[in-house]
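So the structure is just underneath, and the comments pick up after that.
None of the figures in this text is laboratory data; all of them are computed from the coordinates on show. Since this is a predicted model, take the numbers as computed values, not measurements.
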Amino acid sequence: MDASGDSIERDSKLIEVFGKRNITGGTILTSKVGRFDYFSKAVSGTTVALRQAAVNSDNNNAKLAQAGNRIANIANELGGKLTRVMHTVTG
């Protein structure tokens, strides 16, 4: 968000972009763009995010959730195959 202009112009632009109900959230977002850019540059071209994700998901709850996802994917795949067969058999 452009910092030029007086506060009335900035507020008008924020209301135009985010609406009256979301002005507080919009103000927070626009005031933190510099911080977002800083962190984006800090992790771009590195494996920091991947290593952190590996650390955060290396626990029993995450492994259980991953196993549950694999089972759900297999069940969906099997269901898709069985649906075609059942349509053929009952059709």
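Quick notes on this structure:
- Debye intensity ratio I(q)/I(0), log10, the stretch 1-47, q values 0.18, 0.24 Å⁻¹ (C-alpha model): -0.61, -0.83
- Against the main long axis of the alpha-carbon atoms of the chain, helix 33-43 sits at an angle near 50°.
- With the convex hull of the Cα atoms taken as the outline of the chain, the averaged projected area works out to 12.3 nm².
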